[in-house]
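J.: Sharing a structure below in structure tokens format, with a few things to ask.
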Ligand code: AMP
Ligand code: ZN
């Protein structure tokens, strides 16, 4: 989608700090980090949200989750713990309509989230 910010990042048209790339997914640093490690993992192809990504049923969602864990290992937070979040829809505060997993870690986090 030409007007999608994260499609622009996936295509290299919008600058981002890439952390990891696999065949169908990329990971890059969040521009407004909420934790010492705050990385977004997206499918390169456009899916609006987790619902669309789950409905694709082609292993892409698993690849996104695997990349999140691989980044956690690379960032040195796999042992201390981390959180993976898909904000989905308005109540969750989703602001970018291209499915993305937030990988957060490097500090202790509160539960439940606000
Ligand atoms: P959400 O609110 O779950 O849709 O998350 C969108 C995330 O994208 C927010 O954490 C933003 O800080 C982040 N974000 C927005 N624009 C960019 C960008 N150009 N590069 C990296 N992260 C971004
Ligand atoms: Zn997109």
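No value in this document is a laboratory result; all are computed from the given coordinates. Values in this document were obtained by computation on a predicted structure and should not be read as measured data. When we count neighbours, we look across all protein chains shown, and the Cβ atoms used for this are built from the backbone with ideal geometry, even at glycine.
J.: I need two numbers for the stretch 40-105: Rg to one decimal and Dmax as a whole number, Cα atoms only, in Å.
T.: Over the stretch 40-105's Cα set, Rg and Dmax evaluate to 12.0, 32 Å.
J.: Angle, helix 60-75 long axis vs. longest principal axis of the chain, Cα atoms, 0 to 90°, nearest 10?
T.: 40 degrees
J.: To the nearest 0.05, what FRET efficiency results for residue 51 and residue 29 with a Förster distance of 35 Å applied to their C-beta separation?
T.: It comes to 0.85.
J.: Where does the stretch 4-114 land on the Kirkwood hydrodynamic radius, alpha-carbon pairs, in angstrom?
T.: 14.1 Å
J.: Which value in deg cm²/dmol, rounded to the nearest 500, describes the helix-derived mean residue ellipticity at 222 nm for the chain, given -39,500 (n - 2.57) per DSSP H run of n ≥ 4 and division by the residue count?
T.: -7500 deg cm²/dmol
J.: Report relative contact order for the stretch 74-114 in percent, whole number only (criteria: Cα-Cα under 8 Å, sequence separation at least 6).
T.: 45 percent
J.: Can you give the relative contact order of the stretch 5-105 as a percent, counting alpha carbon pairs under 8 Å and 6+ residues apart?
T.: After rounding, I find 32 percent.
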